[in-house]
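Chemist: Below you will find the structure I want to go over with you.
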Amino acid sequence: MTNTRRHAALAAFAAAGCLLTAAPAYAIIGGSSVNSISDAPWAAQIRFNGGNSHCSGALIAPQWVLTAGHCKASDDYVLLGSVTKGKGTQISTDKQLQPNGEDILLLHLTKPYNTTYAKYGSSSDRPADGKSVTAYGYGDTDNNGGKSTTLKTCTMNVKDDNASDDANGHVIQLTKGSGISSKGDSGGPAFYGGVIVGTDSRGTDTVKDYSDITAYHSWIAQTIGS
């Protein structure tokens, strides 16, 4: 699977909800369901294309959601506070910030949401090759378009902690553990040591590129002011 979707092409394909050869990574296949929002209080659903398309993400501050750059759309809004797909408190966005067109995105909410926020890692938190991370997403349950109705989680294994994509973005490559990400998991977080180290970007059926959040720590901190 090639990595070619950038800028306007990214938004167009994402809005269409297509799975093509250049499409971003899918949603979680295997793994397990998250039974209660108390187990992932930061979980965010990003909806766009009139609410018909979606990505996953994480609330990292009262008014900031971290997700994938190719989830950027003119009508983005966020659902918070529910593990059930399509449910939750709906909050619109008024800012969409992306560093140099790379595949991470910060969405600014029009009002704060009070919960326990996810922490994002710095370079010292990056997992080494062979380590296991925990991924989350609201995406598909198989490669044939099986739809999840709830937030799912799985472990994935680090194949390469120092890779790059076709736009020289920093990525961590992951392979299947107890499950693997799929369509609709784009932007969903991968945790290591209790902090986000990656967000689902793109990949093949066997190797997933997660944007290396530890490489963007300073930009995130400066952007959200913490």
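Chemist: Counting other Cβ atoms within 10 Å, keep those with at most 13, restrict to DSSP loop, and tell me which chymotrypsin sites (Phe, Trp or Tyr not before Pro) in the range 64-114 are left.
Modeler: none
Chemist: Given just the C-alpha atoms of the range 77-117, how large is their convex hull per residue in cubic angstrom?
Modeler: So the per-residue hull volume is 94 Å³.
Chemist: Tell me, what is the FRET efficiency for ASN52 and SER82 to the nearest 0.05, using R0 = 30 angstrom and their Cβ-Cβ distance as r?
Modeler: It comes out at approximately 0.95.
Chemist: Follow-up question, since we're still on this one. What is the gain in length, in nm to one decimal, between THR89 and GLN222 on full extension, counting 0.36 nm per residue of separation less the C-alpha to C-alpha distance?
Modeler: Gain on stretching THR89 to GLN222: 45.2 nm.
Chemist: While we're here: Taking one equal scatterer on every alpha-carbon of the chain, how large is log10 of I(q)/I(0) by Debye at q = 0.08, 0.18 1/Å?
Modeler: -0.22, -1.33
Chemist: Tell me, what is the per residue accessible area of the chain in Å², probe radius 1.4 Å?
Modeler: Averaged over the residues of the chain, the accessible area is 39 Å².
Chemist: For an R0 of 35 angstrom, estimate the FRET efficiency from the Cβ-Cβ distance between ASP160 and SER32 and round to the nearest 0.05.
Modeler: 0.85
Chemist: Given a cut-off of 24 Å, what percent of all Cα-Cα pairs of the range 22-138 lie beyond it?
Modeler: Numbers: 1690 of 6786 pairs.
More than 24 Å apart: 25 percent of the Cα pairs in the range 22-138.
Chemist: How much FRET efficiency would the formula 1/(1 + (r/R0)^6) give for GLN96 and VAL195, where r is the Cβ-Cβ distance and R0 is 22 Å, rounded to 0.05? Write down the numbers at each step before the final one.
Modeler: Numbers: r = 23 Å, r/R0 = 1.06.
It comes to 0.40.
Chemist: Shifting gears a bit: Nearest 5 is fine: what % of DSSP beta bridges in the chain come out antiparallel, could you say?
Modeler: Taking every DSSP beta bridge within the chain, about 95 percent pair in antiparallel fashion.
Chemist: Next question, about the same structure. Sort ARG47, ARG126 from largest to smallest accessible area, using a 1.4 Å probe on the heavy atoms of the protein chains.
Modeler: Highest to lowest solvent-accessible surface, that is ARG126, ARG47.
Chemist: While we're on this one: Quick check on the chain: helices-only [θ] at 222 nm, where DSSP H runs of length 4 and up contribute -39,500 (n - 2.57) each and the sum goes over total residues. Nearest 500, please. Present the calculation step by step, with values, prior to reporting the outcome.
Modeler: Values: 2 runs with 18 residues, N = 226.
Calculated at 222 nm, the ellipticity per residue is -2000 deg cm²/dmol.
Chemist: Each residue of the range 71-82 in order: what ³J(HN,Hα) in whole Hz does its phi give by Karplus 6.51 cos²θ - 1.76 cosθ + 1.60, θ = phi - 60°, with x for Gly and Pro?
Modeler: 8, 6, 8, 5, 10, 4, 9, 10, 10, 10, x, 8
Chemist: Describe numerically, in nm with one decimal, the distance between label points set 7 Å from Cα along Cα→Cβ at THR116 and at VAL207.
Modeler: Once both label points are built, they end up 3.6 nm from each other.
The values are calculated or read from the model by the stated rules, or taken from the named source; none is laboratory data. Bear in mind the structure is a predicted one, so any value in this text is a computation, not a measurement. Counting neighbours? That spans all protein chains shown, and the Cβs are built from the backbone with ideal geometry, glycine included. The protein model used for the area step is the full one, side chains on, heavy atoms only, and it has no ligands, DNA or RNA in it. Shrake-Rupley method; radii C 1.70, N 1.55, O 1.52, S 1.80 Å.
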